[in-house]
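Trainee: Dumping the structure here so I can ask a few things about it.
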Amino acid sequence: MINRNTEASPLYYARVAGLGLLLMAVLAMFSNFSVLEGLIVPGDAAATASNIIANEMLFRSGFISFVIVLILDVLVAWALYVLLKPVNKNLAMLAACFRLVYTAIFGIALSNFLNVLPLLNGAEYLTVFTKEQLHAQVLLLIDAFNNGWLIGLVFFGFHLLVVGYLIVKSGGYLPRIIGIFLIIASVGYVIDSTAHFLLPNYTDYKTIFVLIVAVPGVIGELSLAFWLLIKGIKVQQR
């Protein structure tokens with residue numbers, strides 16, 4: 001009989017991880033910049049509520065995009081585990097666990113958005129609240145989402161740290177320079193999230209912290225994505 005359980009080639013997992021990382025980047029950029037940055041006005045509940053009401057479909061699209069990102073995170077965690085376990089199976093499992101914990105925390109944080117539109121839809125049972133109170137609750141939910149995401153990014157940072165270490169120690173299995181950028185990015189994620197909670201005047205240094213995270217993060221994660229898609233054949237030949 002034909003064995004239908006034959007494991008797929010490493011190239012298959014490289015393509016899954018690479019495509020997943022690229023799709024996540026596109027969807028996350030849309031949700032973050034078009035929805036979060038575009039609709040939310042920090043500290044101004046009325047303006048934020050007005051923007052969401054006027055662009056309800058955009059807000060809903062941003063939410064769905066984030067949900068797709070969650071699904072892709074699970075797929076990427078699985079594919080990277082398979083690719084990196086020849087280097088060190090236990091550390092590859094640890095990296096996957098860190099990413100899955102991040103995904104779970106991010107999903108819980110994202111659930112705050114499910115309550116935003118109901119607060120703004122003018123339901124009769126909400127008439128006990130003033131418009132200002134409802135708008136304040138919307139901003140509070142958005143802040144809860146952001147705070148949950150920040151906590152999740154600490155785990156994501158440790159995920160990148162382990163993945164970067166495995167790449168560096170892979171002996172050419174994957175490009176070492178990508179691993180170095182991922183390690184730098186991991187430190188940036190942890191420092192940035194910690195600074196949010198420790199520094200009352202974080203906004204004064206926000207640009208610096210964003211650059212610490214964004215530059216090595218974008219270079220490392222996108223380089224890994226493109227390499228897996230374009231040069232992933234090297235994985236197959238190991």
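Trainee: Can you find even one residue in the range 215-224 that is surrounded by fewer than 15 Cβ atoms within 10 Å (Cβ to Cβ) and farther than 21 Å from residue 15 by Cα?
Mentor: Yes.
Trainee: Being within 14 Å of residue 156 (Cβ to Cβ) and among the hydroxyl-bearing types (Ser, Thr, Tyr) narrows it down to one of 189, 202, so name that one.
Mentor: Matching residue, one of 189, 202: 189.
Trainee: Next question, about the same structure. Specify the residue that is least open to solvent (accessible area, probe 1.4 Å); the eligible residues are those in the range 175-194 that are farther than 16 Å from residue 98 by Cα and aliphatic (A, V, I, L, M).
Mentor: Applying the filter and picking the extreme gives 178.
Trainee: Of the residues 106, 145, 197, 113, which is among the hydrophobic types (A, V, I, L, M, F, W, C), open to solvent by 40 Å² or more (accessible area, probe 1.4 Å) and touching a helix residue (DSSP H, G or I) at 6+ places or on another chain (Cβ under 8 Å)?
Mentor: Exactly one residue qualifies, and that residue is 197.
Trainee: Now for a different question. Give just the number: which of (1) in a helix (DSSP H, G or I); (2) closer than 27 Å to residue 18 by Cβ; (3) open to solvent by 60 Å² or more (accessible area, probe 1.4 Å) does residue 172 not satisfy?
Mentor: Exception for residue 172: condition (1).
Trainee: When the range 61-100 is examined, which residues are found to be within 23 Å of residue 39 (Cβ to Cβ) and among the aromatic types (Phe, Trp, Tyr)?
Mentor: Correct list: 63, 66.
Trainee: Also, quick follow-up: So, of the residues in the range 14-42 that are more than 18 Å from the chain's Cα centre (by Cα), open to solvent by 20 Å² or more (accessible area, probe 1.4 Å) and touching a residue at least 12 places away in the same chain (Cβ under 8 Å), which turns out to be farthest from residue 142 (Cα to Cα)?
Mentor: 15
Trainee: May I ask you to list the residues in the range 43-76 that are more than 24 Å from residue 137 (Cβ to Cβ) and touching a residue at least 60 places away in the same chain (Cβ under 8 Å)?
Mentor: Of everything in the range 43-76, just one residue is more than 24 Å from residue 137 (Cβ to Cβ) and touching a residue at least 60 places away in the same chain (Cβ under 8 Å), namely 76.
Trainee: May I pose another question? Under the condition of being among the β-branched types (Val, Ile, Thr) and modelled with pLDDT of 85 or more, which residue from the range 194-222 is nearest to residue 163 (Cα to Cα)?
Mentor: The selected residue is 219.
Trainee: Separate question: Pairs only if they're at least six apart or on different chains, beta carbon under 7 angstrom, first in the range 97-123 and touching a residue at least 12 places away in the same chain (Cβ under 8 Å), second among the β-branched types (Val, Ile, Thr) and open to solvent by 30 Å² or more (accessible area, probe 1.4 Å); list them, first residue then second.
Mentor: 100/74; 103/74; 105/151; 120/53
Trainee: For the range 46-68, does any single residue satisfy the condition of being surrounded by 20 or more Cβ atoms within 10 Å (Cβ to Cβ), among the aliphatic types (A, V, I, L, M) and modelled with pLDDT under 95?
Mentor: Scanning the range 46-68 turns up at least one residue that is surrounded by 20 or more Cβ atoms within 10 Å (Cβ to Cβ), among the aliphatic types (A, V, I, L, M) and modelled with pLDDT under 95.
Trainee: If I go through the range 83-103 residue by residue, how many of them are touching a helix residue (DSSP H, G or I) at 6+ places or on another chain (Cβ under 7 Å), open to solvent by 20 Å² or more (accessible area, probe 1.4 Å) and of a type in the set (A, V, I, L, M, F, W, C)?
Mentor: Total satisfying the criteria: 7.
Trainee: Right, residue 181: of a type in the set (A, V, I, L, M, F, W, C) and touching a Gly at 6+ places or on another chain (Cβ under 9 Å) or not?
Mentor: yes
The values are calculated or read from the model by the stated rules, or taken from the named source; none is laboratory data. Because the structure is a prediction, the values reported are computed rather than measured. Every residue, glycine as well, gets a Cβ built from its backbone with ideal geometry; the counts of neighbours run over all protein chains shown. Just so you know, the surface numbers come from the protein's heavy atoms only, side chains and all, with ligands and any DNA or RNA stripped out. Shrake-Rupley method; radii C 1.70, N 1.55, O 1.52, S 1.80 Å.
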